[in-house]
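Down below is the structure, laid out as structure tokens.
The values are calculated or read from the model by the stated rules, or taken from the named source; none is laboratory data. Keep in mind the model is a prediction, meaning the values are calculated, not measured. Heads up, the Cβs are rebuilt from the backbone with ideal geometry, glycines too, and the neighbour counts pull from every protein chain shown.
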Amino acid sequence: MRKTRILAGLAATALAAGTVAAAPSVAAPAAKPAKPTVLAKGLLTPLSLAVDGPDVYVAQSFGGSLELLSPGKKPQTIYRSKGGAEVGAVSAHRGTVTFAVSASNRDGVYVSTKLLRIAGSGKAEPFADLLGYEKKHNPDSDVAYGIPAITPECAAQWPADAGPATYTGIVDSHPYATTSKGRTTYVADAAMNAVLAVSPKGKVSTVAVLPPAPLAIDAETAEALELPQCAVGQTYNFESVPTDVEVGPDGNLYVSTLPGGPETGARGAVYRVTPRGKVTLVADGLQSPTGVAVAGNGDIYVSQIFSGQVARIKKGSSTAKTVRSFGMTGDIEVAGRDLLVTTDVIPPEKGAPKGKVVRFRR
């Protein structure tokens, strides 16, 4: 039950070095939709996307760059990180672009996670230290993960490569998405398991910690994960990993999450989070959701990386229905009557990257 590291884990270990579960059975579109328009292609891990009027911003996360796609112009690199640091968590509003830069050491441990913004000067300026905040506050430090009531005898049989049998939130930060409301920037941090608020001057606070994602361990699951027999009948509390955050027309935040462990079925979810931190489940049963977008009418769209499906949750509903299918969808954004999605976000083992940004009518 390993801690998910979204960017590193997606490409190297399929979110937690587990097997990819089959896509859930969901309703298919009634008619064949129009072919999408490709806005950019040949991208390396385009895991984060933002729309600001006619302009589109996309991060080549493993490539460490941020690209601007403007109508009628060639893609322009507006930021490139130093030392191979990851670039992601992109959002944009009225010409100001916000994004995260996450630097790791040789062991893959993040040693710096900061928010930067590009405003009128065109220069990227850091304005919030998220890892520094995590080291001081660790929002999920009191949350019990694993099997909190496991007996010492069963814990002694727990395989080392399955992660801790029980533990509380560790110190780690990996900002995966941002959005803004007024002058506040909201962050979905996939390692903190929390949604954060950041003031214009960089003051960070916790809005909410996402609730654990429980998994009832039956005999089949125990065998698949090579767990001891004493685990059968127990419930393992996975970390609930936020992968995107958006502001809805009702002023609330909408957050996509996936369980921080091996793929064991469609166990992703979308939550509604009020600015005061009240968390309510909107829909579950999603297959590895990594992007969420909310239309003006309250409909929610979710991109699911391993199934490649884009699903819609109608306002007031708790059921997700597929509206499009691609390969390895990453992020998703609403642009008027259209949707923009990044696809083929994990590069092939051989050959050039094939990541794209596509646009289609929703």
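Annotations for the structure displayed:
- Pairs, first more than 18 Å from residue 248 (Cβ to Cβ) in region 330-350, second in a loop (DSSP other than H, G, I, E, B) and aliphatic (A, V, I, L, M), C-beta under 7 Å, six or more apart: 330/305; 330/345; 343/328; 344/328; 345/305; 345/328; 346/328; 347/44
- Residue in region 241-257 that is surrounded by 22 or more Cβ atoms within 10 Å (Cβ to Cβ), modelled with pLDDT of 95 or more and in contact with a helix residue (DSSP H, G or I) (Cβ under 9 Å, 6 or more places away or on another chain) present: yes
- Restricted to region 44-76, and to residues there that are farther than 28 Å from residue 306 by Cα and polar (S, T, N, Q), the residue that is surrounded by the most Cβ atoms within 10 Å (Cβ to Cβ) is 70.
- Listed here are the strands (runs of 3 or more DSSP E) enclosed by region 205-282 that have at least 1 residues being of a type in the set (Gly, Ala, Ser): 213-216, 240-247, 253-259, 268-273.
- Selection within region 311-328 - of a type in the set (A, V, I, L, M) and touching a residue at least 24 places away in the same chain (Cβ under 8 Å): 311, 313, 320, 323
- A count restricted to region 254-282 and to residues that are closer than 20 Å to residue 197 by Cβ and within 14 Å of the chain's Cα centre (by Cα) stands at 6.
- Residue count, region 334-362 (criterion: assigned to a strand (DSSP E or B) and of a type outside the set (A, V, I, L, M, F, W, C)): 7
- Single match in 280, 322, 342 (criterion: more than 24 Å from residue 52 (Cα to Cα) and surrounded by 15 or more Cβ atoms within 10 Å (Cβ to Cβ)): 322
- Residues of region 168-179 that turn out to be buried (at least 17 other Cβ atoms within 10 Å of the Cβ), hydroxyl-bearing (Ser, Thr, Tyr) and in a strand (DSSP E or B), as a count: 3
- Residue 304 being of a type outside the set (D, E, K, R) and over 23 Å from residue 175 (Cβ atoms): no
- When the strands (runs of 3 or more DSSP E) confined to region 1-66 are screened for residues that are modelled with pLDDT of 90 or more and acidic (Asp, Glu), those reaching at least 1 such residues are found at 46-52, 55-60.
- Contact annotation: residue pairs with Cβ atoms under 7 Å, 6 or more positions apart or on different chains, pairing a residue in region 288-299 that is within 12 Å of residue 314 (Cα to Cα) and at pLDDT 95 or above with a partner that is basic (Lys, Arg) and in a strand (DSSP E or B), are 299/312.
- Counted residues, region 82-108 - those being in contact (Cβ under 8 Å) with a residue 60 or more places away in the chain and part of a loop (DSSP other than H, G, I, E, B): 1
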